Amino acid sequence: MTTLLEVKNLKKYFPAASNTLFNKRFLKAVDDVSFSIKKGETLGLVGESGCGKTTTGKTVIRLYEPTAGQIIYDGKDITKVNMLPYRRKMQIVFQDPYASLDPRMTVGDIVGEAIDIHNLAPSNAERKEKIITLLEHVGLNSEHANRFPHEFSGGQRQRIGIARALAVDPEFIVCDEPVSALDVSIQAQIINMFEELQEEMGLTYLFIAHDLSVVKHISNRIGVMYLGKLVELADSYELTFHSLHPYTKSLVSAIPVPDPKESRERQRIVLEGDVPSPLDPPSGCRFRTRCRYATKICAEEEPEFKEVRSGHFVACHHCCE
Amino acid sequence: MSEYLVDIQNLRLSFFTPAGEVKALNDVSIQMKQGDVLGIVGESGSGKSVTAYSLMGLVPEPGRILSGSIIFNGHRIHEMSEKELRQIRGNEISIIFQDPMTSLNPVFTIGNQIEEVILLHTDKNRKEARERAEELLSLVGINEPKKRLRQYPHELSGGMRQRVMIAIALACEPKLLIADEPTTALDVTIQAQILELMNELKEKIGMSIIMITHDLGVVASMCEKIAVMYAGKIVEYGTAEEIFYNPQHEYTKGLLLSIPKLTATEHEKLIPIEGTPVDMLMPPQGCPFAPRCQNTMKICLKEMPPYTDINEDHYSACWLLQKQAYMTMKDGVAR
């Protein structure tokens, strides 16, 4: 399989309110993250709120301009180019289906906007036909095209969001927590739809979510982020069953399993304390303040993100001892 | 006095909105003994929060209780005045909310907010109240309680705020703690801390807990009894084991099949529940789940199914179970 997207040393800093006049402070939302996604693959990104997973997703398609680093899409460096032609190839589905649809536009116009921008339909009739095909593709019907977002339930709105992303016939979609706002019984519908669309259209996903069960279900590989850093990246089974980084281990063990017997037998690693402020991250390894294996070296040196087994990357001083 | 701590009988509650009547609770009955941990699961709008709030006499406008009774610890909640209710709330029964960011008052210190409850319900003086507040903060695992008491909510993280909420709720050692999605707004590692804390405190204080959540993982790890709600009705009730290993209602079965399991070793396709949640303004006639059910029969569309007892501690409202019961009975007669 060929690599579709490659991200090298990506950084995204946001300026933060400074404590003194001349000392500018930055919030390092994404700090030196590298990964690649193959064509047709789903890469999952998990982590707690504020770890930079959404920022990574948005920077990769340049909704945020990267502070440093390189984004290579299909062999071409897109870090500084005009994105318009690439917007046809790279799309995004947002988390909140209530906030990401313009309440004053009809569903037809929401889906059709991208068709207009990229001149994908020469005539009005073709535009209409295209919109209807897209709506049907995501399990809605032609009659829905003239309605407004408020008339739909959360799950249906997320379908509209997906239809909008599909309108330009993209190759790559960033799915930014697309199911977290939905009811459990609806989540499965949307997850299945993502899988079916992928099979049908050969899509590549960057799937961002905080729910590891969902991410593991849909992804081929998973990356775990903590305070702006990628701490572990591996095949999704390898990551859930043979994780190496202490943070990943605790993350996996902290997830309540929907099975009373299993959950009684499970060993939980409960982490102490809270995530430190990203404005003032700990020196060396960022996880060390909550890690029970932390030693002197963890405070002094930042662990290198290296491949320890085939395809299994991890950034930790002690995990391979 | 009844043997139950909580005894809700045939509660019907409606919201009279400008758009029409929303039957939020439709004949809900719940019994709980002292020390029980009950989980209420269901999707948004299924009435799980309303059930729990009504126990505290919190029925927001334009809601009205139409019929039924709510008895808590011998108090007839549905007949009590606001003044009488205030004696109970925060004292015998307390609640923690989903969002610790908005449920604390930003202009008072943590200390003020914990002491308020103590001063209101006990005859402790200010100094004793402060000591008790300090004790509570260490009970919920907050370091340096003396310093924290002087801080404001914005100075604490989400997990810490939820701990403070729990401290406030426990101030008077309530008989019942209602936890309304207490960990939904928190990260997984923080969620694990809070769940562990609640488990510990339950052992220590011996209170009952009603846990409202949509996360089946959370109920599996916390609750002994589970009530599954759909469209304002308890569609299935049983022990955690019965609900997870022997589900009877089609909705419960569907729910269990539709969640991805972290511990699955092979990729299994999820089986979603098709359709959309019920429009509570226009609920279907008959069984509310019928439009989304795979095994709908004619009668499901016409009449609400009665409860069928599966065993002593397990019942469910589904016509399929009635049919099975009828079939076995008929077989018995024929033989």
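For the pairs A:Lys38/A:Lys249; A:Lys28/B:Lys147; B:Lys253/B:Lys302; A:Lys12/A:Lys261; A:Lys130/B:Lys23, flag any whose C-alpha to C-alpha distance is greater than 32 Å.
Result: A:Lys12/A:Lys261; A:Lys130/B:Lys23 exceed 32 Å.
Given a 1.4 angstrom probe, I'd like the percentage of the accessible area of the protein assembly as shown that is carbon and sulfur, rounded to a whole number.
That share works out to 50 percent.
For region A:206-225, state which residues have at least 40 Å² less accessible area in the presence of all protein chains than in their chain by itself, taking the probe as 1.4 Å and leaving out ligands, DNA and RNA.
In region A:206-225, residues shielded by partner chains: A:Ser213, A:Lys216, A:His217.
Taking a cut-off of 31 Å, what percent of all Cα-Cα pairs in chain B are separated by more than that?
38 percent
For region A:91-169, build the charge dipole from Cβ charges (+1 Lys, Arg; -1 Asp, Glu) around the Cα centre, then report which of A:Ala125, A:Val138, A:Gly112 sits farthest towards its positive end.
A:Val138
How big is the charge dipole of chain B about its Cα centre, in debye rounded to the nearest 20, if each Lys and Arg gets +1 on its Cβ and each Asp and Glu gets -1 on its Cβ?
420 debye
Taking 37 °C and 0.692 mPa s as the conditions, I'd like the Stokes-Einstein D for region B:82-211 in µm²/s, using the Kirkwood hydrodynamic radius from alpha carbon pairs.
Answer, rounded: 224 µm²/s.
If Lys and Arg each add +1 and Asp and Glu each add -1, what is the summed charge of the other residues whose beta carbon sits under 14 Å from the beta carbon of A:Arg264?
Net charge in that neighbourhood comes out at -3.
In chain B, what percentage of the DSSP-assigned beta bridges are antiparallel, given to the nearest 5?
Given both bridge residues lie in chain B, the antiparallel proportion sits at roughly 65 percent.
Where Lys and Arg each count +1 and Asp and Glu each count -1, what net charge lies around A:Ser142 among other residues with Cβ under 10 Å from its Cβ?
My count for the surroundings of A:Ser142 gives -2.
What is the P(r) of region A:1-156, as percent of Cα-Cα pairs per 10 Å bin from 0?
Histogram of Cα-Cα distances, whole percents per bin: 9, 28, 29, 24, 7, 1.
Find the eigenvalues of the gyration tensor of the Cα atoms of region B:208-335, then list the square roots of 5 times those eigenvalues as equivalent ellipsoid semi-axes, largest first, in whole angstrom.
Over the Cα atoms of region B:208-335, the ellipsoid semi-axes are 25, 19, 16 Å.
Calculate the spin-label point distance for A:Glu129 paired with B:Lys124, positioning each point 7 Å from the Cα along the beta-carbon direction, and give it in nanometres.
7.6 nm
Say a site is exposed when it is one of the GluC sites (Glu not before Pro), sits in a DSSP loop, and has at most 10 other Cβ atoms within 10 Å; what is then the longest site-free stretch of chain B?
Counting at most 10 other Cβ atoms within 10 Å as exposed, the longest clean stretch of chain B is B:4-265.
What dipole magnitude, in Debye to the nearest 20, does region A:91-169 give about its Cα centre under +1 on Lys/Arg Cβ and -1 on Asp/Glu Cβ?
It works out to roughly 100 debye.
Only bridges with both residues in the protein assembly as shown count here: give the DSSP antiparallel percent, nearest 5.
Bridges in the protein assembly as shown that DSSP calls antiparallel: roughly 65 percent.
Counting each DSSP H run of 4 or more residues in the protein assembly as shown as -39500 (n - 2.57), what helix-only mean residue ellipticity at 222 nm follows after dividing by all residues, to the nearest 500 deg cm²/dmol?
Result for the protein assembly as shown, helices only: -9500 deg cm²/dmol.
In Å², what does the accessible area per residue of region A:100-159 work out to with a 1.4 Å probe?
Heavy-atom accessible area per residue stands at 54 Å².
Between A:Thr3 and B:Glu131, how many nm apart are label points set 7 Å from Cα along the C-beta direction?
Output for this residue pair reads 6.7 nm.
Over all distinct Cα pairs, what is the inverse of the mean 1/r for region B:199-252, reported as the Kirkwood hydrodynamic radius in Å?
Its Kirkwood hydrodynamic radius stands at 12.1 Å.
In Å² (nearest 100), what accessible area is buried between A and B, both sides summed, heavy protein atoms only, 1.4 Å probe?
3800 Å²
Suppose each label sits 7 Å from its Cα in the direction of the beta carbon; what would the A:Glu301-B:Gln34 distance come out to in nanometres?
For the pair A:Glu301/B:Gln34, the computed spacing is 6.1 nm.
Roughly what percent of Cα-Cα pairs across chain A reach past 34 Å?
28 percent
What are the semi-axes of the equivalent ellipsoid of region B:18-129, taken as the square roots of 5 times the eigenvalues of the Cα gyration tensor, listed largest first and rounded to whole Å?
Working through the eigenvalues yields semi-axes of 28, 18, 15 Å.
Going from the alpha-carbon gyration tensor of region A:91-169, what semi-axes, largest first and in whole Å, does one get by taking the root of 5 times each eigenvalue?
Values for region A:91-169, descending: 19, 13, 11 Å.
Can you give me the Rg/Rh ratio for the protein assembly as shown, using Cα atoms for both radii and the Kirkwood formula for Rh?
Expressed as Rg/Rh, it is 0.98.
Stretch B:Leu301-B:His267 to full length: gain in nm at 0.36 nm per residue minus the Cα-Cα span?
8.7 nm
Among B:Leu301, B:Ser14, B:Leu177, flag the residue with its Cα farthest along the positive direction of the charge dipole of the protein assembly as shown, charges on Cβ as +1 for Lys/Arg and -1 for Asp/Glu.
Sorting the options by dipole projection puts first B:Leu177.
Under Stokes-Einstein, with the Kirkwood radius over Cα pairs standing in for Rh, what whole-number D in µm²/s applies to region A:95-140 at 4 °C and 1.567 mPa s?
114 µm²/s
If you find the alpha carbon centre of region B:32-106 and of region B:258-326, how far apart are they in angstrom?
Distance between centres, Cα-based: 27 Å.
When the scattering of region A:191-249 is computed by the Debye formula from its Cα atoms alone, each counted once and equally, what is log10 I(q)/I(0) at q = 0.14, 0.17, 0.30 Å⁻¹?
-0.41, -0.58, -1.33
The values are calculated or read from the model by the stated rules, or taken from the named source; none is laboratory data. Not measured: the values here are computed from a predicted model. Neighbour counts run over all protein chains shown; Cβ positions are idealised from the backbone, glycine included. Ligands, DNA and RNA are excluded from the accessible area calculation, which covers all protein heavy atoms including side chains. Shrake-Rupley method; radii C 1.70, N 1.55, O 1.52, S 1.80 Å.
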